[in-house]
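This report concerns only the one structure given below.
The values are calculated or read from the model by the stated rules, or taken from the named source; none is laboratory data. Note that the structure is predicted; figures quoted are calculated from it, not measured. With ideal geometry, Cβ positions are generated from the backbone for all residues, glycine too; neighbour counts draw on all protein chains shown.
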Amino acid sequence: MLNFNLPSTIGGCLSTNMLLYGVGALAGIVVLGKLLRDSRPLLVSATKEVIAFQEWLSGNIEEGKEFWEDVVAEAKHKYKLEIEKKLEILQKQQEILQRIKENL
């Protein structure tokens, strides 16, 4: 195709490949800037939707977080009631055993 005979370095210290990468990146930024300027309404609309989705997601995460906090709190309360009931049963059993001992 095109046979360019480029030196491997420019001035002995700057790589030709790196210089070409830099020029290509700069050209890409310029072209991308012009393309984005033309599609600004589309970008604004898409960004608005992303923001709306973010707010919806954070709201749902908060609701889910509150739900699980309530579930954990309710489970702890029921567990505590269960333990108290078991303790009460054990105390009654001890009282009954004590009465049986006294009657013997």
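Within the range 18-35, is even one residue surrounded by 10 or more Cβ atoms within 10 Å (Cβ to Cβ) and either touching a strand residue (DSSP E or B) at 6+ places or on another chain (Cβ under 8 Å) or modelled with pLDDT under 80 (or both)? The answer is yes; a qualifying residue exists.
Residues considered: Lys101, Lys48, Lys80, Lys86. Of these, the only one that is loosely packed, with under 10 Cβ neighbours inside 10 Å and basic (Lys, Arg) is Lys101.
So is Val30 of a type in the set (Val, Ile, Thr) and within 32 Å of the chain's Cα centre (by Cα) or not?
Details: of a type in the set (Val, Ile, Thr): yes; within 32 Å of the chain's Cα centre (by Cα): no.
Here the answer is no, as Val30 does not meet what is asked.
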